[in-house]
Amino acid sequence: MTGSAIGSRRRAPLRALAALCVCACVSAASCDRPPDRGRRMVPGLWQSDIDAMMRRLGERHAGLYRFVDRATLDEEADRLVDSLGAYADEEIVAGLCRVLALVGDARTGIERSSLESRFRRLPIELRFFGADLRATAAAPGCREALGMRLVSVGGAAVADAQAALRPLISRDNRVEDLVSIPRLLCFGEILSALGLAPDPFSARMTFAGDAGDTVALDCATLHPDSIDTKDWVIIGPPGRALRGGGPIGAVTAEPLDGGRALLIAFGGPPGGGSLIGTLGSFLDERGRAAPDRIIFDLRGIDDPVELGLRAVPDAVLRIDGRGRAATLIALVDRETFASGLELALWLKTRLGAALVGESPRGRPNGARLGETFRLPNSGLKISYAAVLHEPAPRLKDSPYLPLDRYAAPTFAEYAAGADPALEEALRYSPPSPPSSAADSIRAGMVLIPAGEFVMGTPGGHYDPAHRVFVDSFYIDEREVTNARYAAFCRATGEPYPEFWGIDRYRSGPRYPDHPVVGVSLYQARRYAAWAGKRIPTEAEWEYAARGGLEGKRFPGGDDLLPTEANYRVGAETIGAVPVGCYPPNRYGLYDMAGNAVEWVNDIFEPFWYRESPYRNPTGPRKGFIAVIRGGGWRSGRMCCDVHNRNALKYTWVDFAVGFRCAADARRDMAAQPRSARAEAVRAGTAGR
């Protein structure tokens, strides 16, 4: 089945959602009461629900038109009303999801519990590992699929099925897809509404194993009242609960690394200790010494209630009061949301904690509170953003909370119960302050070890693939920002960039942490000289972008997900975001794919690789076109290949082209990489 065919089928209304019944009264006063379950929904009652939904959102949502204009939102709602007579109930619910998704924040949508309590569910659980959707839990009849990759749903390729689901997902960032797509794929009514299943009562899914074997399952869906997961087989860490995410429970404290670290978790059984009480008991027990680091585990925390944030600094002071300033680290993942996201942001911005793990759901400067109202006839609960706030002004409208270290389990690690994020947190060391003028220049840079790599790839102006050796050098961890470039302009009298002050390109003083764009290669070189640095060569840039990986297409491996880099997905772009919002590569470098395309110092010549020298190539001597690398927010995925090279006249500027700087390594410093991961790369053990 092609992507265009998905969702094209229309049927007469079915009795598939018999639970979605009505009450006779449709007054505003009845909107927050559960419906009377006595009558089947009809188009007139659905229209009443849609009218009530749009009216309530207009009255209560704190930023309804922040990301969508009113005309577009109203047009989608009117289109749904016009189709009520031809749609089945489940198609109408899917249409409601499309309307709500346009609002553009993860707080606004049909509440998850409202769907789970009404929709039939497949006896299987799915989870993303990279680009693969794998079965991580299953009822006895579907156990054959455990650990295998989903390749098709109802005859449609899994990529087409995902594309059909995305318009239904309300989101602040693309991490929401990692959470919502696996859930929606298990709802029989959703699959039926999109033409991926013949009806809500069964669906055909095909899975593939790593050895090339396939399993096709015709899965009968389960009524929500009959779901019992006690006999399901579950893959993953010990004690993992199905469906992920959850509320704040009691606080627990566990010593790690011989007592040098303290892991604080919020997922214990309700009714347990408070944060202050738990830490007090921990420290007072046998006069225990204060730990070197405190690790807050916020993974899976998506409770809508607010946390008592004032307890956190008091708890930290209790540690520091023992005479030791502890390193603070927060573990986050794709399920971290609501109060979990707020606490992560609070720990980072107020207490300087490092964030380790996966990028969380939710926009950092977004909705603080999510509230709900109930539609008068169907009884569906609609969640919405009640309060917007900006606790991190420098992040502005960034859709992502920047991580300090990216760590996510592979499927093999997940199945074995490994915890790479916690392991990374136990290794993490905060950057040392600069101790000299040279160190000050190199602050915010990463030392790349000397080495050999294969540059280019067969075909086009990347040909031939050839071996190159580069000496050790420093390169900026992040792209040069608007704030850093503005400081250069103020100090030197250099003119501000071409697009300065234009919000569309995130250029100007309102966007201090976004990458500077609209500068020529000449301007980039002048900035670098002022900063005591230089522009990297093309060979240095590709070597650093590869992060020590050989033969891979992208900085992180053979695939590049929309959650791993800021690039165009289809026709969808989100514009530039603050530097460092996406996971770094294995050298600890951010945005080597996406966000801003980057100048390098080499002249562009299409067939230069045929004569390029082996050691430290610097490009042709003559020419007026320079190389640009890395792909940007307007680039497609192919432009983000580590070998991809493009060109621009070096006196020209572009609203998607920025740069980062490099510097020669000091001779008196051994060429050792900064991170343990980079050291493994240098030793040849990474990625095995």
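The values are calculated or read from the model by the stated rules, or taken from the named source; none is laboratory data. Small disclaimer: the values here were computed from a predicted structure and weren't measured. Cβ atoms come from the backbone with ideal geometry, glycine included; neighbour counts cover every protein chain shown. These area figures cover heavy atoms from the full protein model, side chains too; ligands, DNA and RNA do not enter into them. Shrake-Rupley method; radii C 1.70, N 1.55, O 1.52, S 1.80 Å.
Just a few scattered comments:
- Filter result for ARG204 (at pLDDT 95 or above and among the basic types (Lys, Arg)): yes
- Among (1) hydroxyl-bearing (Ser, Thr, Tyr); (2) within 21 Å of the chain's Cα centre (by Cα); (3) within 28 Å of ILE382 (Cβ to Cβ), the one test that SER114 misses: (2)
- For the stretch 394-411, the tally of residues that are basic (Lys, Arg) and either under 20 Å from TYR505 (Cα atoms) or over 14 Å from the mean Cα position of the chain (by Cα) (or both) stands at 2.
- One residue from GLY580, GLY551 being in a loop (DSSP other than H, G, I, E, B), touching a strand residue (DSSP E or B) at 6+ places or on another chain (Cβ under 9 Å), in contact (Cβ under 8 Å) with a residue 40 or more places away in the chain and surrounded by fewer than 23 Cβ atoms within 10 Å (Cβ to Cβ): GLY551
- Residues of the stretch 455-464 that turn out to be in contact (Cβ under 8 Å) with a residue 60 or more places away in the chain, part of a loop (DSSP other than H, G, I, E, B) and either within 34 Å of the chain's Cα centre (by Cα) or under 27 Å from ALA663 (Cα atoms) (or both), as a count: 3
- Looking across the stretch 135-147, the residues that are in contact with a helix residue (DSSP H, G or I) (Cβ under 8 Å, 6 or more places away or on another chain) and open to solvent by less than 20 Å² (accessible area, probe 1.4 Å) come down to ALA135, THR136, ALA137, ALA138, ALA139, GLY147.
- The residue list ALA131, ALA135 contains one member that is in contact (Cβ under 8 Å) with a residue 60 or more places away in the chain, among the hydrophobic types (A, V, I, L, M, F, W, C) and over 30 Å from PRO364 (Cβ atoms), which is ALA135.
- Criterion violated by PRO360 - all others in (1) open to solvent by less than 30 Å² (accessible area, probe 1.4 Å); (2) at pLDDT 90 or above; (3) more than 24 Å from ALA135 (Cα to Cα) satisfied: (3)
- Qualifying positions in the stretch 363-394 - open to solvent by less than 20 Å² (accessible area, probe 1.4 Å) and either among the charged types (D, E, K, R) or in a loop (DSSP other than H, G, I, E, B) (or both): PRO364, ASN365, GLY366, LEU375, PRO376, ASN377, SER378, GLY379, LEU380, ALA392
- Counting the residues of the stretch 470-495 that are open to solvent by 40 Å² or more (accessible area, probe 1.4 Å) and over 32 Å from the mean Cα position of the chain (by Cα) gives 6.
- Scanning the stretch 379-428 for residues that are over 29 Å from GLY547 (Cα atoms) and of a type in the set (Lys, Arg) turns up LYS381, LYS396.
- For the stretch 503-522, the set of residues classified as without any contact (Cβ under 8 Å) to a residue 40 or more places away in the chain and either open to solvent by 60 Å² or more (accessible area, probe 1.4 Å) or not in a loop (DSSP other than H, G, I, E, B) (or both) consists of ASP503, PRO509, listed by residue number.
- For the stretch 420-429, the criterion of being assigned to a loop (DSSP other than H, G, I, E, B), over 25 Å from the mean Cα position of the chain (by Cα) and polar (S, T, N, Q) is satisfied by no residue at all.
- Of all residues in the stretch 393-422, those that are on the phi > 0 side of the Ramachandran plot have Cβ atoms under 7 Å from Cβ atoms of residues that are open to solvent by 40 Å² or more (accessible area, probe 1.4 Å) and at pLDDT below 85, 6 or more apart or on another chain, in GLY417/PRO237; GLY417/PRO238.
- Test: PHE488 is hydrophobic (A, V, I, L, M, F, W, C) and either in contact with a strand residue (DSSP E or B) (Cβ under 9 Å, 6 or more places away or on another chain) or not in a helix (DSSP H, G or I) (or both): no
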